[in-house]
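Data first, discussion second: the structure below is written as structure tokens.
The values are calculated or read from the model by the stated rules, or taken from the named source; none is laboratory data. Computed from a predicted model, the values in this text were never measured in an experiment. With ideal geometry, Cβ positions are generated from the backbone for all residues, glycine too; neighbour counts draw on all protein chains shown.
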Amino acid sequence: MTEKTGKQPGGADHVADDPPLWPFAVARLAMDACFWWMEREPAEPADSSLPWTTPNFVALELATMCLRDGSRARSGQPALVCAPYALHRALIADFAPGHSVVQSLQRGGIDRVYLTDWRSATPDMRYLSIDSYLSDLNVAVDEIGAPVDLVGLCQGGWLSLLYAARFPAKVRRLVLVGAPVDLSIDSAMARLARNAPGMVYDQLVARGGGNVSGKEMLRVWSKTPSREDIAAALQKELIDEEGAALLARFDQWNLETLDLPGTYYLEIVNRIFRENRIAGGNFTALGRRIDLKDVKAPIFLLAGLDDDVVPAAQALATAGLVGTPPAFIAAASEPSNHLGLFMGARTHAQAWPRIAHWLRDDLSGVLARSA
């Protein structure tokens, strides 16, 4: 897109202003909740992947992921961070010091922290489905030792919620951060996903040979996020040497895309974003119909007040869908955009310590305090 308009990037009007690209833009908005609109000239691709912020090792290699273990102790309640699988690496959960979910949980006293490091789809992965990812998530939980605390980020949130409904005994607590679940609640992403012809998504998969190509999606847009956009996401002024390093790191992270299996992608677009089956109670996972009322574990919901990808009303509405007693549902809203929920310095200074404390709290006095 070379022509600039005065309309908000990412909105429905912005898509309509550029007819040749609208099918790609709609497909991206519908699927890639953690993708970014492009504002600057593209950086050159990096020679190698960015290193992790928090020391970890690969505890298990599965078809869909590497299970990363960043634990500092071998005992204690484990927390599994379910990163979004939406065109960018799981480094979104461990981006940089002061901008890392894994680090914030550790600093908050969670000694056993694991992370789903999703693999980029290869041609032989093109038929992997949502069930494939739930199955491997289940293997990871068994490897860690159930019950676990699941921390779902963005699209990792609905995957975590599905898992908690399918295997309720294996999830002790659930944290959902900027997670799209009830797509009947209005947002530009949900609206565009519903209105686009189904062939748009089929053609995108066909162009990728059965997968959705992350590199092609980047090539469709010839610009990258502006310095102001990145500063808003990281919630930090990028004016000094540290800021320059963060800016360069973000640029490289943005270029390190993942391909998505076509089957998985189309299931998400159709069953979740277009048909709203999770919230509607007619989603089948691993052979069983999912009823969110089966989720009775304590839940913490975190929303961004400036999130135009998953609006706060949508992120917080999950509370009314689950079977968790209201006294065991905690919710918080931060002055943050979508990426800022996972990468923002202010969010990590304020919201994530509260989440870590909530995970460590025995909750024994919650009912008494709410009476």
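At a glance:
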| read-out | value |
| --- | --- |
| Residue among A297, A356, A351 that alone is in contact with a strand residue (DSSP E or B) (Cβ under 7 Å, 6 or more places away or on another chain) and part of a helix (DSSP H, G or I) | A351 |
| Whichever residue in the range 310-328 is of a type in the set (G, A, S) and part of a helix (DSSP H, G or I) and, among such residues, is farthest from A188 (Cα to Cα) | A327 |
| Failed condition for F250, given (1) at pLDDT below 95; (2) surrounded by 15 or more Cβ atoms within 10 Å (Cβ to Cβ); (3) under 20 Å from H338 (Cα atoms) | (1) |
| Residue that is farthest from E216 (Cα to Cα), among those in the range 88-121 that are among the hydroxyl-bearing types (S, T, Y) and in contact (Cβ under 8 Å) with a residue 60 or more places away in the chain | S104 |
| Residue within the range 217-230 that is buried (at least 24 other Cβ atoms within 10 Å of the Cβ), of a type in the set (G, A, S) and part of a loop (DSSP other than H, G, I, E, B) present | no |
| Pick from the range 279-294, criterion loosely packed, with under 15 Cβ neighbours inside 10 Å and touching a strand residue (DSSP E or B) at 6+ places or on another chain (Cβ under 8 Å), ranking: nearest to T347 (Cα to Cα) | G281 |
| Elements of type helices (runs of 4 or more DSSP H) in the range 1-120, at least 3 residues being under 27 Å from D136 (Cα atoms) and modelled with pLDDT of 50 or more | 101-107 |
| Members of the range 92-124 found to be aromatic (F, W, Y) and within 18 Å of L60 (Cβ to Cβ), listed by number | Y114, W118 |
| Boolean, L162 is buried (at least 20 other Cβ atoms within 10 Å of the Cβ) and more than 18 Å from the chain's Cα centre (by Cα) | no |
| Matching entry among V181, V148 (being out of contact with any Gly (no Cβ under 8 Å at 6 or more places or on another chain), buried (at least 20 other Cβ atoms within 10 Å of the Cβ) and either hydrophobic (A, V, I, L, M, F, W, C) or at pLDDT 95 or above (or both)) | V148 |
| Pair list, Cβ < 6 Å and 6+ apart or interchain, from the range 326-349 residues that are more than 15 Å from A93 (Cα to Cα) and touching a residue at least 12 places away in the same chain (Cβ under 8 Å) to residues that are among the aliphatic types (A, V, I, L, M) and part of a strand (DSSP E or B) | I329/I299; A331/L301; A332/L302; S333/A303 |
| Condition met for V175 (touching a Gly at 6+ places or on another chain (Cβ under 9 Å), surrounded by 24 or more Cβ atoms within 10 Å (Cβ to Cβ) and at pLDDT 95 or above) | yes |
| Qualifying residue in the range 231-243 (condition: in contact (Cβ under 8 Å) with a residue 40 or more places away in the chain, loosely packed, with under 14 Cβ neighbours inside 10 Å and farther than 16 Å from H88 by Cα) | no |
| Any hit, the range 120-128, residues being within 23 Å of N211 (Cβ to Cβ), surrounded by fewer than 22 Cβ atoms within 10 Å (Cβ to Cβ) and within 17 Å of the chain's Cα centre (by Cα) | yes |
